[in-house]
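Right, one structure below, let's go through it.
The values are calculated or read from the model by the stated rules, or taken from the named source; none is laboratory data. These numbers come from a predicted model, not from an experiment. Cβ placement follows ideal geometry from the backbone for every residue including glycine, while neighbour counts extend to all protein chains displayed.
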Amino acid sequence: MNANTVLLTLVSEGHIRAELRGQLGLITLNRPQALNALSLPMIRDLTALLLHWRHDETVAAVLVRGAGREGKAPAFCAGGDIRFFHQAALAGDPRIEDFFSEEYALNHLIHCYPKPCIALMDGICMGGGMGISQGAALRVVTEHSKLAMPETHIGLFPDVGGGWFLSRLAGSMGEYLALTGAVLNAAEAIAVGLADVQIASAQLPMLVEVLADQPIESAAAALAAVKAHAVASTAPKLMAHVAAIDRHFAAPTLAAIIESLRADTSDFAQQTLVTLQQRSPLMMAVTLELVRRARDLTLAEDLRLERDLVRHCFALRPVARSETIEGIRALAVDKDHAPRWNPARVEDIDAAELAAFFASPWPAHAHPLRELN
């Protein structure tokens, strides 16, 4: 930190770095060896900083970036700390409840922030990283960017507001990205509406200096200063498949989507089918229902629904029947990449079991996100 460091007590032991550079509030996610994955203390620091700067007249804009690793590809934020989720769920650690309540409140704060937020999504930006960046006024990607909501890979659903921002993509792109967890490059992210401009990764430090060294007279001026460094994106390959995505993923049910893909002999359809066959049938059904419900919800309503769903995933379902705990075990703990999904087939999903996810465990007046509006 420099001499103009924020005078605010932070609790993440250096995993969040904060500086005031001119009129720019600069936040660096500083957990590079974990790909800047979010912990509960990091979420608390991010929230405290944004609340502090919201009313600070010397701060005209906020920029969030991820710390790099020397000699390795960058990462903005790989998501939440899923090992912590697994350990906390098994141990009954109440911090897991705080994590999701506070993370979703942070996501809402960013979406509603009164000053321009700029997210430099250099490298991996997935899950919780998307939650931080999608509410930004300007979402910057680079040639290294890899964006995704890959939660179905671990038996979860696209949370952190994913139901809301994915459901607002054109056609059936939201269903496709939510169910498959497909990874987007910079051009694809811009094309589908999950990023705004591409800037060369090597230019990002200079961009920060430009914003720090000049007066920021308005939100428009801050955003224009960033956009001035934009470069043209390459042709987004995914867009060649938009018609197929819209056709298959508009089907009324998960089973119908599977059948539609199965009947299509194209390489894209068959590769997509293989991907879906590796996911938890039950959690894909939860995901599809979330995205389609979220189209008619406000952001706050969607985040409250996602908070309901995540409590079902980690707390209300028995450990032996939690697709999420099993998915994390297979991917990040035992690393056998052989999750034992229950049920194993889409055809065996119990409609009552699916419906139970969408019953809130809290009355409205006691919901942990009741104050979001």
So is LYS227 in contact with a strand residue (DSSP E or B) (Cβ under 8 Å, 6 or more places away or on another chain), surrounded by fewer than 16 Cβ atoms within 10 Å (Cβ to Cβ) and in contact (Cβ under 8 Å) with a residue 40 or more places away in the chain or not? yes
Under 6 Å by Cβ, and 6 or more places apart or on different chains, what pairs join a residue from the range 107-124 that is at positive phi with one that is in a strand (DSSP E or B)? GLY123/ALA75; GLY123/PHE76
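Which is among the acidic types (Asp, Glu) and under 20 Å from ALA170 (Cα atoms), of ASP213, ASP246, ASP264? Let's see the steps before the verdict.
Details: ASP213 fails: under 20 Å from ALA170 (Cα atoms); ASP264 fails: under 20 Å from ALA170 (Cα atoms).
Residue meeting the stated conditions: ASP246.
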Among the residues of the range 229-251, are any in a loop (DSSP other than H, G, I, E, B), over 26 Å from GLN198 (Cβ atoms) and not basic (Lys, Arg)? yes
LEU211 versus (1) touching a residue at least 24 places away in the same chain (Cβ under 8 Å); (2) closer than 30 Å to VAL346 by Cβ; (3) more than 24 Å from the chain's Cα centre (by Cα); (4) buried (at least 17 other Cβ atoms within 10 Å of the Cβ): which is the lone unmet condition? (2)
Here are the criteria: (1) of a type outside the set (A, V, I, L, M, F, W, C); (2) assigned to a strand (DSSP E or B); (3) farther than 20 Å from LYS227 by Cα. Tell me which single one ARG139 does not satisfy. (3)
Looking at (1) within 17 Å of the chain's Cα centre (by Cα); (2) buried (at least 17 other Cβ atoms within 10 Å of the Cβ); (3) of a type outside the set (A, V, I, L, M), which is the one condition that is false for THR47? (2)
What pairs come out if I take residues in the range 286-304 that are outside any helix (DSSP H, G or I) and pair them with residues that are modelled with pLDDT of 95 or more and crowded, with 16+ Cβ neighbours inside 10 Å whose C-beta lies under 6 Å away, six or more apart or interchain? ARG295/SER167
If a residue has to be of a type in the set (Ser, Thr, Tyr) and either at pLDDT 95 or above or out of contact with any helix residue (DSSP H, G or I) (no Cβ under 8 Å at 6 or more places or on another chain) (or both) to count, how many in the range 290-346 make the cut? 2
Being under 30 Å from ARG370 (Cβ atoms) and without any contact (Cβ under 8 Å) to a residue 40 or more places away in the chain narrows GLY92, GLY174, GLY162, GLY155 down to just GLY92
The lone condition SER39 fails out of (1) farther than 21 Å from ARG69 by Cα; (2) surrounded by fewer than 23 Cβ atoms within 10 Å (Cβ to Cβ) is (1)
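If you take the residues in the range 305-328 that are assigned to a helix (DSSP H, G or I) and without any contact (Cβ under 8 Å) to a residue 24 or more places away in the chain, which one is nearest to ASN373 (Cα to Cα)? First the steps, then the outcome.
Kept after step one, since they are assigned to a helix (DSSP H, G or I), are these residues of the range 305-328: 305-316, 319-321, 323-328.
In the following step, the residues that additionally are without any contact (Cβ under 8 Å) to a residue 24 or more places away in the chain were identified as 320-321.
Values: ALA320: 36, ARG321: 34 Å.
By that ranking, first place goes to ARG321.
Would you confirm, using the coordinates I've provided, whether ARG340 is farther than 19 Å from ALA105 by Cα, basic (Lys, Arg) and assigned to a helix (DSSP H, G or I)?
Values: farther than 19 Å from ALA105 by Cα: yes; basic (Lys, Arg): yes; assigned to a helix (DSSP H, G or I): no.
Spelling it out, it is not the case that ARG340 is farther than 19 Å from ALA105 by Cα, basic (Lys, Arg) and assigned to a helix (DSSP H, G or I).
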Of all residues in the range 192-206 being in contact (Cβ under 8 Å) with a residue 24 or more places away in the chain and out of contact with any Ser or Thr (no Cβ under 8 Å at 6 or more places or on another chain), which is surrounded by the fewest Cβ atoms within 10 Å (Cβ to Cβ)? GLN203
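Hey, can you tell me all the residues within the range 112-133 that are part of a helix (DSSP H, G or I) and either small (Gly, Ala, Ser) or surrounded by fewer than 18 Cβ atoms within 10 Å (Cβ to Cβ) (or both)? Before you say what the answer is, go through the steps one by one.
Applying the first criterion (part of a helix (DSSP H, G or I)) to the range 112-133 yields 128-133.
The answer is GLY128, GLY129, GLY131, SER133.
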Answer yes if at least one residue in the range 162-174 is part of a loop (DSSP other than H, G, I, E, B), of a type outside the set (Gly, Ala, Ser) and assigned by TED's automatic domain parsing to the domain that holds GLU57, and no otherwise. no
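Tell me, which residue of the range 67-111 that is part of a loop (DSSP other than H, G, I, E, B) and under 14 Å from the mean Cα position of the chain (by Cα) is modelled with the lowest pLDDT? Let's see the steps before the verdict.
The first filter runs over the range 67-111 and keeps only residues part of a loop (DSSP other than H, G, I, E, B), leaving 67-74, 78-79, 81, 92-94.
Cutting the leftovers down to under 14 Å from the mean Cα position of the chain (by Cα) gives us 78-79, 81.
Working: ALA78: 96, GLY79: 92, ASP81: 87.
So, considering only residues that are part of a loop (DSSP other than H, G, I, E, B) and under 14 Å from the mean Cα position of the chain (by Cα), the one modelled with the lowest pLDDT is ASP81.
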